[in-house]
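So the structure is just underneath, and the comments pick up after that.
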Amino acid sequence: MEASVARVNSLFTSRKARAFTLMCVTLGSVFLIDLFMQYQQIEVGTSAIRTPLYIIRGLFATNVPHFTALYLIRSLLIALGTATFVAALSEPRDPASMITAQVTNEPTELMFKRMRFWIWLVIAMGAVSLVTFIVQPKIFSRLAVEDGVVETFSALGYFASVIVLISTSFVLLRRNVPYRKLSITLALGGAFVLFIMGGEEISWGQRIFDIATPDTFVGNHQGEMNLHNFAANTLESIFYFLATVWLVIIPFINSRTGFFQRFRPLALFVPAQFLIFIGVLATAYNYDKWDIGLMQFCFFISLFVLLQFQRDDSRAVASKEMVIALIVLLVGSQIAFIAFGNNLRRVWDPTEYREMFIPFGYMVYSLDVFQRARHTQSIAKTTTAR
């Protein structure tokens, strides 16, 4: 009993616990500030029943960035909260956890080279996008129109991911290892989810096949044959946040603690560390969504994760040059969008590019899962032969 009490006391007095508490306090304060700002904008006479819905819509409302004192304090608190979260994970919880994080699904030399290729490719994509926006903002916007280059690549990213995950399920079908059925189910489930995302991205081929918008969909945000535009701002913000969780936060936590790798049935599908460097740039594509708290959270946590790897890159797949390039692009892109966003033809154009980087990240993730599944299969065959 005394030992249990001692463990609990040590938990709440540890450095990580204090950092986690500070993070909760700062982000909780941000939420209260958001509620206060939304409450001030509620129209007189709004019913008590409609007030919560009005506030929720306001939390995800888009607008040009604001830099009043209250907004700046809010941004500072978000930055502080995310910085403490990253600092809390700057050292492994214990040696055993880091052994788990580093050894499980260890990449081969060929896989390592492929990882660096994908990182350099996303850096090149980010650099081209940023230069285009600064030098030729009209071209930047033109590329982001419906059925344009950016949206086409977004859809291709989703559908390529679907094909790869289905292929992974066939690889897993030939595996004679535990959790085979669960792994196949997860691969096919992921393919189904990404297929839905790809279909929504192209409005289920409405413009490709020249389909008139059904009456059911006429009332959505853009009058298109899709579901997400019925609550575009809210659903998009949640989607962007979840993408950051999957491509940045989970692999960072796992690389520092090995926490998610401990769930053996799911280990194959845990995002690898190198995906952090694929996913971070998407968080910098904010203009009309900059004031949304979740979007600032995604940006700042990506920034501090990169800074942590830049300070100590001994555990990183990316080289120090890669990390520095990503930091420059991340900060430079976000500053450029805030400073010169008035040059955009449509204030939401940066989010179209964000929606290109995200499926690109999912495609690379799917390819990595496929390669690891094949690698695991080859190991299993070698072990059986011996």
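Taking every residue in segment 62-79 that is under 14 Å from Ile292 (Cα atoms) and part of a loop (DSSP other than H, G, I, E, B) and pairing it with any residue that is of a type in the set (A, V, I, L, M) and modelled with pLDDT of 95 or more, at least 6 positions away or on another chain, the pairs with Cβ-Cβ distances below 8 Å are Pro65/Ile338. Considering segment 220-257, the residues that are hydrophobic (A, V, I, L, M, F, W, C) and within 20 Å of Val317 (Cα to Cα) include one that is modelled with the lowest pLDDT, namely Ile253.
Among the residues making up segment 287-298, those that are of a type outside the set (Phe, Trp, Tyr), surrounded by fewer than 24 Cβ atoms within 10 Å (Cβ to Cβ) and assigned to a loop (DSSP other than H, G, I, E, B) are Asp288, Asp291, Ile292. Exactly one residue out of Ile276, Ile301 is touching a Ser or Thr at 6+ places or on another chain (Cβ under 6 Å) and either within 23 Å of Met363 (Cα to Cα) or assigned by TED's automatic domain parsing to the domain that holds His66 (or both), and it is Ile301. Checking each residue in segment 316-347 for being among the aromatic types (Phe, Trp, Tyr) and either within 18 Å of the chain's Cα centre (by Cα) or loosely packed, with under 15 Cβ neighbours inside 10 Å (or both) picks out only Phe340. Examine segment 277-287 for a residue that is hydrophobic (A, V, I, L, M, F, W, C), within 23 Å of Leu59 (Cβ to Cβ), in contact (Cβ under 8 Å) with a residue 40 or more places away in the chain and out of contact with any His (no Cβ under 8 Å at 6 or more places or on another chain), and state whether such a residue exists. Within segment 277-287, one or more residues are hydrophobic (A, V, I, L, M, F, W, C), within 23 Å of Leu59 (Cβ to Cβ), in contact (Cβ under 8 Å) with a residue 40 or more places away in the chain and out of contact with any His (no Cβ under 8 Å at 6 or more places or on another chain). Here segment 47-65 is the region considered, the condition is being surrounded by 13 or more Cβ atoms within 10 Å (Cβ to Cβ) and of a type outside the set (A, V, I, L, M, F, W, C), and the residue that is modelled with the highest pLDDT is Pro65. Count of segment 339-369 residues, restricted to those that are out of contact with any Phe, Trp or Tyr (no Cβ under 9 Å at 6 or more places or on another chain) and modelled with pLDDT of 95 or more, is 2. In this structure, Ser97 does not satisfy being among the polar types (S, T, N, Q), surrounded by 17 or more Cβ atoms within 10 Å (Cβ to Cβ) and modelled with pLDDT of 95 or more. Apart from one condition, Phe337 fits all of (1) among the hydrophobic types (A, V, I, L, M, F, W, C); (2) touching a Leu at 6+ places or on another chain (Cβ under 8 Å); (3) in a helix (DSSP H, G or I); the exception is (2).
The values are calculated or read from the model by the stated rules, or taken from the named source; none is laboratory data. Model, not experiment: these values are computed from the prediction. Please note: Cβ atoms are built from the backbone with ideal geometry, for glycine as well, and neighbour counts cover all protein chains shown.
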